[in-house]
Amino acid sequence: MNDRATPPSLENSAFFMPFSMNRHFKKAPRLLARAQGVHYYTPEGRKLIDGISGLWCVNAGHCRERIVSAVQKQVAELDFAPTFQMGHPLAFEFADKLASLAPADLKRIFFTNSGSESVDTALKLALAYHRARGEGHRVRLIGRERGYHGVNFGGTAVGGMVGNRKIFGALVAGVDHIRHTHDPEKNAFSRGQPRHGAELADDLERLCALHDPSTIAAVIVEPVACSGGVLVPPVGYLERLRAICDQHGILLIFDEVITGWGRLGKTFGTQHFNVIPDLITTAKGITNGTVPMGAVFMREQLYQAFMTGPEKAIEMPHGYTYSSHPLACAAGLATMQVYEEEGLFTRAAELWSYWEEQAHALKGLPNVIDIRNIGLIAAIELAPRAGAPGARALDAHIKAFERGAYIRVAADIIALAPPLIIAKSDIDQLFEIVREVLKTTD
Ligand SMILES: Cc1ncc(COP(=O)(O)O)c(C=O)c1O
């Protein structure tokens, strides 16, 4: 027996894994050692199709040569440079590149290191914007049930996933939530946007009546609530939310950490839905997942509101040591080049109907109670086992790993969102594995 046949036990490892069942995982680890294109490889060399782009982030596929070499070159040239009262050229170049891709006039960019930081930055920008224009009484932030906006205090507070909130105290004061849009009784097995539920946006009017709209700074929603179970907005819903915000002077923030960078067949989800928010939060695919980075896009009017005081004053007392880190900027510039040259911003639109057919072909398999899809995203919802919510999908996740696919599950929902470079034959293989898994999961 050689060393590779008996990997060291991880049972006593020091690593406190995030969002994981530590003890369960460490007894039977599922390790990924290498990646290329749409595949991961285990330490033993077993090949897995990546059904969720790493963690909704590797949109151009793994270990892309252009991105890898851009990062390698950059780390040897300028490893770090601050952007507090100093600068480095790549930060300005990357911001301008992003501005050239931005929808409408959302062309001012604040850099962060993650989706969570983008969300907290956007919330702070919204509050500070109102204050700068003399409406400091707008202090409330509104999220949505089942929303996921990362794990920092602001994002946890506006988020609406109970399990992520309940053990962390009172979170942030002045936060409220509109109701979620999931209505399986009316909308099960919808293809694309469900038909029923535009009126759910009127729940914002309820909160306006309760708190008075003059106290509300911003509403934040994901155009498609992905981590909360792939909840696709009903036809007309986002438009209605925009109209209500306009009517009451409330800023609308779209959290596009997942829906950005081609996932819905356009550069941003905003462009797919044709609804323009005031701020957009991004991360993940901005560097194809290679180097942590996030960015907040804001409308010109917001940026200009900050540019009014004395010139020798800091306009925004906020930022991170690693905001616009040189490695992230290099990775991001190379990533945008790959997306553009390979047409990846629109690839999900080309694959859409094929993907949709393959996903909905799983209807009728045991325990499947809903299938939904949009862009290159699909969710298969399973009936929970009596008294054991989440157990059925966890079994499916483990069986898929054994059969050669990495899929993501949340509660009893399987989520799929592979790299945008995926070939139709890989899509077939991914769904074939999911089909076999569902057939054998009781
Ligand atoms: C919509 C949304 N916002 C924020 C985040 C948090 O991003 P990060 O994990 O990079 O902090 C995520 C992560 O999945 C997300 O899906």
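Things worth noting here:
- Global size of the stretch 56-152 as Cα Rg and Dmax, reported in angstrom: 17.3, 50
- Range of Cα positions in the stretch 70-110 per principal axis (Å), largest first: 37, 25, 11
- Calculated [222 nm] ellipticity per residue, helices only, for the chain: -11000 deg cm²/dmol; basis is -39500 (n - 2.57) per DSSP H run with n ≥ 4, divided by all residues, nearest 500.
- Centre separation in Å (Cα based) which lies between the stretch 345-404 and the stretch 219-280: 23
- Base-10 log of normalised Debye intensity for the stretch 323-442 (one unit scatterer per alpha-carbon) at q = 0.17, 0.23 Å⁻¹: -0.84, -1.24
- Binned Cα-Cα distance frequencies in the stretch 347-418 - 5 Å width, integer %: 3, 17, 24, 25, 18, 8, 3, 1, 0
- Length released on extending from residue 92 to residue 135, taking residue separation times 0.36 nm less the Cα-Cα span: 12.4 nm
- Percentage, to the nearest whole number, of Cα pairs in the chain over 38 Å apart: 22
- Going from the residue with the fewest nearby Cβ atoms within 10 Å to the one with the most, 216, 280, 421 rank 421, 216, 280.
- Our summary of shape: the Cα atoms of the stretch 270-326 have principal axis extents of 38, 32, 13 Å, ordered from largest down, in whole angstrom.
- Relative contact order (%) - criterion: Cα under 8 Å, at least six apart; region: the stretch 363-442: 31
- Each of the peptides 175-181, 231-237 was scored by the mean count of other Cβ atoms within 10 Å over its residues; in descending order, highest first, they stand as 231-237, 175-181.
- This model, with +1 at the C-beta of Lys and Arg and -1 at the C-beta of Asp and Glu, gives the chain a dipole about its Cα centre of some 780 debye.
- With both labels modelled 7 Å from their Cα along Cα-to-Cβ, the residue 77 to residue 124 distance reads 3.0 nm.
- Between residue 20 and residue 313, the FRET efficiency from the beta-carbon distance, with R0 = 56 Å, is close to 0.80.
- Partner aspartates and glutamates for residue 166 [C-alpha distance under 16 Å; skip if fewer than 8 residues away on the same chain]: 145, 176
- Overall Cα dimensions of the stretch 214-279, principal axis frame, Å, largest first: 35, 22, 21
- Extension gain, residue 205 to residue 362, is 52.7 nm, computed as 0.36 nm per intervening residue step minus the present C-alpha separation.
- The rule of thumb for compact globular proteins, 2.2 N^0.38 Å, goes into the C-alpha radius of gyration of the stretch 123-237 1.12 times.
- Between the stretch 51-121 and the stretch 178-202, the Cα center-to-center distance that results, in Å: 34
- For the stretch 14-77, alpha-carbon Rg relative to the globular expectation (2.2 N^0.38 Å, N residues): 1.36
Every read-out reported here was derived from the displayed coordinates using simple, explicitly stated rules and does not represent laboratory data. Since the model is a prediction, treat every value here as computed from it, not as a measurement. Methodologically, a virtual Cβ is constructed for each residue, glycine included, from the backbone with ideal geometry; neighbour enumeration extends over all protein chains shown.
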